[in-house]
Amino acid sequence: MEGRKTLKVLNRGKVLGLEFYGEELEQIKEAVGKYFTVEDVFLEAGVLTFTVSETEIKERFKNLHRELYPMRFVPTAKLENGKVKIRVFRYREVTPSIMKIKILPIILLAATIGTIGADGFLRVTSPVYKVIYRMIFGRISFIDQLIEGLLFTISLIAIIGIHELGHKISAKIDGIESSPPYFIPGIPFMLPTFGAIIFQKSPVVNRDDMFDIGFSGPIAGFLVSIGVAILSFLRGTWVPIDEFRSVIEQAEKAGGVPLPSPLLFYLIRPLFGHPDKLPLTSPALSFAAWLGLLVTALNLFPVWQLDGGRIFRSILSPRQHRIASYISIAILAFTGYFFFALLLLLLMPRVPDIPPLDQVSPLSRSRKLMFIAVFAMLVLSFVPMLPFF
């Protein structure tokens, strides 16, 4: 076979830039032999390669990864010509320069709390919101504004923070190293935050882990958004339909632009038992819930830069995932998110396809069933922004 060399070559030191020393080589061979039936071992293009008998390898491979990773080696598994080949690489962690500034996550969190707090205060003191607040509370004192602004800040930080915490916990459970969350401050009274990001420090082992890490953030943020939405309904007041329309008209005259509601809001409303009335909800809290649900929905689209990219890549081939990404971008552009879709399109060529280390084992059946929840969250949270919707 071209590129194949005898194993004895390894004992000479460097092979195509990869260093395997005698003791490490024996440890790797012992580890692979502990979990697999090795049929052959050789160098292929300078990479230590094992051909093994097993084809159902999910747990075996994960155990092998756990054993090799502390030695700073990572295995990969791929099915080739009906045989599973395990290749072992020396792992060198690449730390983004941003992660070298240890205090940066705290600075960004403080800045994001500041932009969200300023956004909340600007909203509750605007003429548009005052119209609704007077209908809800009968007054709108400075203390009322301060309380509403504070609730808005806490709610939005909780939605974003718990979303990222979901990723963090899932990564820890799967044994994947990750950074603290880096919050991204936004522009008050427009978009107070651009969310947050966690950097992954070690590779994803298999498709199950890829799904878990992608899904854990949106489901956590979705549940908190539901809680915030319910709180906004509880702090609101229920009025007859004619009175509700009158308040909305006054808000529009003051410069307000009504936002389309996600389907989830319509499903929550009957729980409060007012079939002949409509809720004037707390504007700040309802906007926090609305934004949290929208971020959840956008994140679920199967584009690699988003959480949905990982979720859908866990079950799709690279080609299928690329097609799904282009379809998603078209849907986003058509439903009013043109600039967001354009940004994703421009970034797509810069993001390589990163498969799990174990490319042999399929996604588990239970996780395949969880795609029902993925689509349900997308339908309940997504808000088309074009007038004809």
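Answer with yes or no whether Ala110 is without any contact (Cβ under 8 Å) to a residue 12 or more places away in the chain and either out of contact with any Phe, Trp or Tyr (no Cβ under 6 Å at 6 or more places or on another chain) or assigned to a helix (DSSP H, G or I) (or both). When the stated conditions are applied, Ala110 passes them. Looking only at the stretch 268-280, decide whether some residue is at pLDDT 80 or above, touching a helix residue (DSSP H, G or I) at 6+ places or on another chain (Cβ under 9 Å), farther than 17 Å from Ile132 by Cα and among the aliphatic types (A, V, I, L, M). Within the stretch 268-280 (the criterion being at pLDDT 80 or above, touching a helix residue (DSSP H, G or I) at 6+ places or on another chain (Cβ under 9 Å), farther than 17 Å from Ile132 by Cα and among the aliphatic types (A, V, I, L, M)), the answer is yes, since at least one residue qualifies.
Within this structure, Arg92 passes the test of being closer than 16 Å to Ser202 by Cα and not hydrophobic (A, V, I, L, M, F, W, C). Residues that are in contact with a Pro (Cβ under 7 Å, 6 or more places away or on another chain) and in a strand (DSSP E or B) were ranked within the stretch 146-187; the one that is surrounded by the fewest Cβ atoms within 10 Å (Cβ to Cβ) is Gly186.
Wholly within the stretch 188-301, which helices (runs of 4 or more DSSP H) include no fewer than the required count, namely at least 3 residues that are among the charged types (D, E, K, R)? Quick ask: steps written out before the conclusion?
Numbers: elements: 207-234, 241-253, 263-268, 283-299.
Here the list reads 207-234, 241-253.
Set side by side, the residues Lys62, Lys78 differ, and just one is touching a residue at least 60 places away in the same chain (Cβ under 8 Å), in a helix (DSSP H, G or I) and either farther than 14 Å from Leu357 by Cα or assigned by TED's automatic domain parsing to the domain that holds Glu23 (or both), which is Lys62.
For the subset of the stretch 306-344 comprising residues that are of a type in the set (S, T, N, Q) and closer than 26 Å to Pro260 by Cα, which member is farthest from the chain's Cα centre (by Cα)? The selected residue is Thr335.
Mind checking whether some residue in the stretch 56-66 is at pLDDT 75 or above, within 30 Å of Pro181 (Cα to Cα), in contact with a helix residue (DSSP H, G or I) (Cβ under 7 Å, 6 or more places away or on another chain) and crowded, with 17+ Cβ neighbours inside 10 Å? Spell out the reasoning first.
Within the stretch 56-66, the first condition is being at pLDDT 75 or above, and the residues that meet it are 56-66.
After this cut, where a residue has to be within 30 Å of Pro181 (Cα to Cα) as well, the list is 58-59, 61-66.
Then keep just the ones that are in contact with a helix residue (DSSP H, G or I) (Cβ under 7 Å, 6 or more places away or on another chain); that gives 63-64.
When the remaining residues are screened for being crowded, with 17+ Cβ neighbours inside 10 Å, the result is 64.
So far as the stretch 56-66 goes, yes, one or more of its residues are at pLDDT 75 or above, within 30 Å of Pro181 (Cα to Cα), in contact with a helix residue (DSSP H, G or I) (Cβ under 7 Å, 6 or more places away or on another chain) and crowded, with 17+ Cβ neighbours inside 10 Å.
Of Arg322, Arg350, Arg365, all but one fail to be farther than 30 Å from Val84 by Cβ and among the charged types (D, E, K, R); the exception is Arg350.
Going through the stretch 335-355 one residue at a time, which ones are outside any helix (DSSP H, G or I) and under 20 Å from Leu378 (Cα atoms)?
Within the stretch 335-355, the subset outside any helix (DSSP H, G or I) is 335-337, 351-355.
Within the stretch 335-355, Thr335, Gly336, Tyr337 qualify.
Counting the residues of the stretch 349-389 that are farther than 23 Å from Pro318 by Cβ and modelled with pLDDT of 90 or more gives 12. In the stretch 188-216, which residue that is in contact (Cβ under 8 Å) with a residue 60 or more places away in the chain, of a type in the set (S, T, N, Q) and surrounded by 22 or more Cβ atoms within 10 Å (Cβ to Cβ) is farthest from Glu164 (Cα to Cα)? Out of the qualifying residues, it is Asn206.
The residues on offer are Ser366, Ser325, Ser361, and the sole one that is part of a helix (DSSP H, G or I), surrounded by 13 or more Cβ atoms within 10 Å (Cβ to Cβ) and hydroxyl-bearing (Ser, Thr, Tyr) is Ser325. One residue stands out in the stretch 44-59 among those that are part of a strand (DSSP E or B) and among the β-branched types (Val, Ile, Thr): the one that is nearest to Lys85 (Cα to Cα), namely Thr51.
Run down Leu223, Leu259, Leu271 and say which single residue is under 30 Å from Pro127 (Cβ atoms) and of a type outside the set (Phe, Trp, Tyr).
Values: Leu223 fails: under 30 Å from Pro127 (Cβ atoms); Leu271 fails: under 30 Å from Pro127 (Cβ atoms).
None of the other options fit; the residue is Leu259.
When the residues of the stretch 231-250 are filtered to those that are of a type in the set (A, V, I, L, M) and within 26 Å of Leu380 (Cα to Cα), which remaining residue is modelled with the highest pLDDT?
Within the stretch 231-250, the subset of a type in the set (A, V, I, L, M) is 231, 234, 239, 241, 247-248.
Restricting the remaining residues to those that are within 26 Å of Leu380 (Cα to Cα) gives 231, 234, 239, 241, 248.
Working: Leu231: 90, Leu234: 86, Val239: 81, Ile241: 84, Ile248: 75.
Taking the candidates together, the pick is Leu231.
The values are calculated or read from the model by the stated rules, or taken from the named source; none is laboratory data. Keep in mind that what you see is a predicted model, and the values were worked out from it rather than measured. Glycine also receives a Cβ, built like all others from the backbone with ideal geometry; neighbour counts cover every protein chain displayed.
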